[in-house]
Amino acid sequence: MRSEKEMVTGRMQYIDDIVMDGMLHMTVVRSPYSFAKINAIRGGLNHTDFNSEMKSFGEGETGEETGPGETMFAGSHAFYAGQPVAAVFGKTKYESEDNADSVEVDYEPLKPIMNLNDSLKLGPVHGSMKSNVLKRTLLGKEFSIADSHIDLSDSFMMERIATNPIEGRGLVCHYDDNKLNVWISGQSMHSIKSGLCGTLNLPPDRVRVFHVDTGGAFGLKGGMYPEYAIAGFASMKYGKPVKWIETRREHLMASKPGRGVRGDITISARKDGKILGLKGKVLVDAGAFGGSIAEFSPRFIGYQITGPYAIGNVYVDAQALVTNKPPQGPYRGAGRPEASFLMERMIDRLADETGLDPVDIRLTNAATEPFKTPTGMTIPESRSFLQDAIRELGYRNFRKPERPGFSFFALLPASSPGEGARIRCSEGKVKVWLGGNTHGQGHEFFVKSLLSTEFRIDPGLITLEYADTDMLEKGEGSWGSRSAMVGGNAIIELARRIIKRIEKEEGHYAPEILLDGEYDEQDFVSYKKTLISYGANLVTADVDTYGNVHVKECRSYYDVGRALVPHMVRGQIIGGCMQGIGQTLYEEISYSEDGTLLTGSISDAGLPTAEKIPEFTVKYAENPSEFPHGAKGLGESPTIGVPTALARAIELASGKRIRNTPVRPDYLIG
Amino acid sequence: MERKVNFNINGKKVDLNIDSRELLVDVIRDHITLKGTRIGCDTSNCGACTVIVNGKAVKSCTMLGVQADGKEIITIEGITQGEELHPIQKAFMERHGMQCGYCTSGMIMTAYWLLSNRKNPSDEEIKRYFSGNLCRCTGYQDIIDSVRHASELMHSEEEKIVVEQR
């Protein structure tokens, strides 16, 4: 793969850099209304040409989705502003954009449902449903506590956020010789392939998906979208390569945003800070359709709501609710930050109620031995990590009036079900394919580092190849803090199989034998457990008279198992911290009541700039995991720990209770 | 409407027929096929398309191609001397000033402009100059470190030249 040298010289080849002979550019005509009846569509490729329903969407998929699923084009109704209604084509992108004017759509606007209250109150958006409750899961069990001293209830909202990688979505499809070849900016070629096979009704041997250099993703590019199927369909229909490149406005209106979660939480505790029980309602803004991660999100949040704490009674009513917005998608953390925010905010509230130090309450409730929560999650002992974190983050060194926000969390990575990989040694070179595809995390670094150690060869002889579904039979994807952990585990397993084979055939292993020979090993290396790790953050902030928050310091202490590539570990943590700050202070996808998108540019959506950065301190514990390389998950940790610690820092600086993200200046001075 | 333009790009003279509505970034990417300049937004916020026009950093999506007629343009491809990396490029590699690489061309061109104006910028100045270049991966810290490191590398190269001339 191309790497740092190509990045600094402009020689990366991202999806928009691909040009093919006869290539058509596709422009998608989208509904301007959040909810509308469509009386007629004239022009362009539309639902009368292609009327398939979403199949296989990637990250968060359980196979138990009930829908209603999104159709590739809007048919009788448009259910969100930005939903594809038609597609037009041109030899250049200018010509294709011009052709959008040739499409006429007769809309009859309807009153959209733009928030969770209305979703609960008003009649169903979809005629096929009895209410707007898309999915409801009850976790833990009902309880009542007679000897509780304190009962606290509060309600929190984390608004929707766009993933906003600097490169949006994009792909090039070329149907050639009865095979649909697809080059795509992405996190998982195999999930895109199964999505295309499902929506286009093609058998697996007629679809081949190639990864290209990918300019960030953060959950955006893990799975299927209507535009991908439409481009594939168009390439088959017109017999030409078709390119689609998402504009930023399309990204903000029509890609799948993350968060959009409300929690109504009640805790029961003793005066000494021991929490005896937690009851909660978790409501997820699912957007207009099921058949997406929205069906899984509420259950996932409820499952891990007590994080690293041993709380004996838990009962969560978790629901996904339909609104007239794009379907919810995963954004870095995808349920983990939401769960932690609800728990950590309540602990800080309990500290204010009891007068105890919030960190002492965390110590009181941390697990002193492995603990199975009422929701079914088993967490390892957590108190000793918390004690280390308090020391490493220097929490007790602060003296009044200076008081930092502190957070403690459990990271539940998507380590299950493992990952697919292939190692091929030929002509003195070692080539590697991975099921999870890098989009800025530098997979090539850990691949070289791990395999040069296993094989005892020069890392320069090892290359990570661009993913290609014809070269690797089965793969999962790069998300959920999983790639270095389970992708790394998979390549070590395959390398050891090759070494064993050489030992069996040659009597011993030596690097020269490997490099002189021909070896090819591929498999999906299963791992069915959730390998939990712990982390903590400390944040300090000021609030000025205009209500602007200035984050001063952001310190992180995470158990990474083993830092395989220290500069990438540090870079991932700092980058993630900034995303946590972004969520807390600036970022939101918002609409007016009538369903008009208010955040149509990347700056309206609140992406933080360089001027907003605090002083970062990155520390990590290395308590090796059970994997041979010792690594644990990492990528999502900062997006879990920073919003909660920063919310507390703002609370301390402003005296205002922080319940929602983003925290707006007008709230702080209001 | 088609218009004839000529400009100097990375030291080479270019004559082109372009549509008068075409943005400079599209002229650079699609007509001259220098693909290192990126497009990250459609509202001139992100800075991924930053190039140098007559000595100043410009977001090439804010200009029409015809407005660049007769001007001198430098893109990311123009700052390397053969295979020899510019000190800013070396500094970004040594300080890992990128993760996905998509914003990197724009970041480096803004650094090129900053360091041609200010030999030894403070961290605050660097942050201010980069407020028009968005990065979603790095949290900016490694980019700021790279720019500071680049200014040190450029100083030491200048000193080397001075010593050699003496």
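FYI, it's all coordinate maths here, none of it is from the lab. This is a predicted model, so every value here is computed, not measured. Because the Cβ atoms are built from the backbone with ideal geometry, glycine has one as well, and the counts that use them run over all protein chains shown.
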Pairwise FRET efficiency - residue A:201 versus residue A:615, Cβ, R0 = 60 Å, nearest 0.05: 0.65
Apply the Debye scattering formula to the stretch B:87-165, with a single equal point scatterer on each alpha-carbon and no solvent, then give log10 I(q)/I(0) at q = 0.16, 0.20, 0.26 Å⁻¹. -0.53, -0.79, -1.27
In peptide B:125-137, how many Cβ atoms from other protein chains are near each Cβ within 10 Å, on average? 6
Please state, as a whole number in µm²/s, the translational diffusion coefficient that the Stokes-Einstein equation yields for the stretch A:338-491 at 10 °C and 1.306 mPa s, with Rh defined as the Kirkwood radius across alpha carbon pairs. 84
Let me confirm one metric for peptide A:162-169, namely the mean number of other chain beta-carbon atoms within 10 Å of its residues' beta-carbons. 6
Calculated on alpha-carbon atoms, Rg and Dmax of the stretch A:1-120 in Å: 18.7, 53
Going through the stretch A:336-428, which trypsin sites (Lys or Arg not before Pro) have at most 13 other Cβ atoms within 10 Å and a DSSP loop state? A:399
Three-way shape call for the stretch A:11-74 based on the alpha-carbon gyration tensor, with the a/c threshold at 1.5: oblate
Peptide ranges A:15-22, B:95-102, A:64-71 listed from the most packed, as the mean C-beta count within 10 angstrom indicates: B:95-102, A:64-71, A:15-22
Let's test this: bin the Cα-Cα distances of the stretch A:172-326 at 5 Å from zero up to the farthest pair and state each bin's percent. 2, 8, 14, 15, 13, 12, 10, 8, 6, 5, 3, 2, 1, 0, 0
Stokes-Einstein translational diffusion, chain B - Kirkwood Rh over all Cα pairs, 0.692 mPa s, 37 °C, in µm²/s: 200
Rg/Rg_ref, the stretch B:2-77, where Rg_ref = 2.2 N^0.38 Å and atoms are Cα: 0.97
Over the Cα atoms of the stretch A:450-508, how large are the radius of gyration and the largest Cα-Cα distance (Dmax), in Å? 13.4, 41
Candidates per chymotrypsin sites (Phe, Trp or Tyr not before Pro) in the stretch A:585-643, loop by DSSP, up to 15 other Cβ within 10 Å: none
In debye, nearest 20, what is the charge dipole magnitude of the protein assembly as shown about its Cα centre with +1 on Lys and Arg Cβ and -1 on Asp and Glu Cβ, if you could check? 1280
Distance (nanometres) between label positions extended 7 Å along Cα→Cβ at residue A:91 and residue A:429: 3.8
Going by the alpha-carbon gyration tensor, a ≥ b ≥ c the square roots of its eigenvalues, is the stretch B:40-92 rounded (a/c under 1.5) or, if a/c is not under 1.5, prolate (a/b greater than b/c) versus oblate? oblate
Size of the stretch A:417-530 along its principal axes in angstrom, Cα-based, largest extent first? 40, 27, 26
Within a 10 angstrom radius of each residue's Cβ in A:654-664, how many Cβ atoms of other chains show up on average? Whole number is fine. 0
Within 10 Å of each candidate Cβ there may be at most 12 other Cβ atoms; applying that plus a DSSP loop requirement, which GluC sites (Glu not before Pro) in the stretch A:464-571 survive? A:518
Where the centre of each part is set by its Cα atoms, how far does the stretch A:57-94 sit from the stretch A:9-47, in angstrom? 12
If I model a spin label at residue A:368 and residue A:176 as a point 7 Å from the Cα along the Cα→Cβ vector, what separation in nanometres do I get? 6.7
With a Förster distance of 56 angstrom and the Cβ-Cβ distance between residue B:125 and residue B:13, calculated FRET efficiency to the nearest 0.05 equals 0.95
Give, rounded to the nearest 20 debye, the magnitude of the charge dipole that the stretch A:8-76 has about its Cα centre when Lys and Arg contribute +1 at Cβ and Asp and Glu contribute -1 at Cβ. 420
A student asked for the Cα radius of gyration and Dmax of the stretch A:531-670 in angstrom ought to give 16.9, 55
For the protein assembly as shown, divide the Cα radius of gyration by the Kirkwood radius and give the resulting Rg/Rh value with two decimals. 0.96
Net charge near residue B:126, counting Lys/Arg +1 and Asp/Glu -1 over other residues with Cβ under 15 Å of its Cβ? -1
Using the Cα atoms as the points, what is the convex hull volume per residue of the stretch A:74-184 in Å³? 264
Too-long pairs where the Cα-Cα distance tops 26 Å, listed order kept, from A:135/A:656; A:141/A:271; A:281/A:612: A:135/A:656; A:281/A:612
Using r as the Cβ-Cβ distance of residue A:353 and residue A:590, and R0 as 25 Å, what FRET efficiency do you calculate, to the nearest 0.05? 0.20
I want the antiparallel fraction of DSSP beta bridges within chain A, as a percent rounded to 5. 75
3J(HN,Hα) from dihedral phi, the stretch A:360-366, Karplus parametrisation 6.51/-1.76/1.60, rounded to Hz, x for glycine, proline: 5, 4, 5, 4, 4, 9, 5
If each residue of separation counts as 0.36 nm, what is the full-extension length gain between residue A:21 and residue A:463 once their alpha-carbon separation is subtracted? 156.2 nm
Given the Cα-Cα distance of residue A:122 and residue A:666 and 0.36 nm per residue of separation, how much length would full extension add, in nm? 192.8 nm
Please state the shape class of the stretch A:218-300: rounded when a/c is under 1.5, otherwise prolate if a/b exceeds b/c and oblate if not, all from the C-alpha gyration tensor. prolate
